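The values are calculated or read from the model by the stated rules, or taken from the named source; none is laboratory data. It should be emphasised that the depicted structure is a prediction, and the values quoted were computed from it without experimental measurement. Neighbour counts are summed over all protein chains in view; Cβ atoms, including those assigned to glycine, are modelled from backbone coordinates with ideal geometry.
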């Protein structure tokens, strides 16, 4: 039994969407699963732009450093991965419609009300922690005369 090309593309995009959503708050781990998803999507693409898949691999692992605060790394990962998503959809000849967005959302794991509330509280605390760290670093970099 062979899986149709459209179904493989959709499953690959679902997996990539999950990785991208996780990259909003932390770098992705360089797992074999991520490599397989990127390789499969590249194989199913028109084959003209391999660089975008390499860019996803690099960008999703971008971590805070001496020059990048956690806030900056999260922001860069999110925006760059969104650009890569658009290019990947183009190379796969997938039109980004509301229907695709609904199907991707439906494929995401469901969470209970309790899990949703815990996630919201955790995200709020994380956002506050990152903002305070960003503000402290900004204060340290301010030159006073």
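Of all residues in region 68-78, those being in contact (Cβ under 8 Å) with a residue 12 or more places away in the chain and under 12 Å from residue 130 (Cβ atoms) number 6.
Condition check: under 19 Å from the mean Cα position of the chain (by Cα), modelled with pLDDT of 90 or more, in the same structural domain as residue 13 (by TED's automatic domain parsing) and more than 15 Å from residue 14 (Cα to Cα). Does residue 76 satisfy that? Considered against the rule, which asks whether it is under 19 Å from the mean Cα position of the chain (by Cα), modelled with pLDDT of 90 or more, in the same structural domain as residue 13 (by TED's automatic domain parsing) and more than 15 Å from residue 14 (Cα to Cα), residue 76 comes out as yes.
Answer yes or no: is there a residue in region 98-106 that is over 30 Å from residue 140 (Cβ atoms), loosely packed, with under 11 Cβ neighbours inside 10 Å and in contact (Cβ under 8 Å) with a residue 24 or more places away in the chain. Within region 98-106, none of the residues are over 30 Å from residue 140 (Cβ atoms), loosely packed, with under 11 Cβ neighbours inside 10 Å and in contact (Cβ under 8 Å) with a residue 24 or more places away in the chain. If you go through region 49-67 and keep only what is in a loop (DSSP other than H, G, I, E, B), free of Cβ contacts under 8 Å to residues at least 12 places away in the same chain and either out of contact with any helix residue (DSSP H, G or I) (no Cβ under 7 Å at 6 or more places or on another chain) or not assigned by TED's automatic domain parsing to the domain that holds residue 39 (or both), you end up with 65, 66, 67. Scanning region 2-31 for residues that are surrounded by 18 or more Cβ atoms within 10 Å (Cβ to Cβ) and over 17 Å from residue 61 (Cβ atoms) returns 9, 12, 13. Pairs are defined by a Cβ separation below 6 Å, a sequence spacing of at least 6 or placement on different chains, a first member in region 129-141 that is surrounded by 12 or more Cβ atoms within 10 Å (Cβ to Cβ), and a second member that is at pLDDT 80 or above; the pairs so defined are 130/70; 130/71; 134/69; 134/71; 137/69.
Among the candidates 40, 20, the residue that is part of a helix (DSSP H, G or I) and more than 19 Å from residue 123 (Cβ to Cβ) is uniquely 40.
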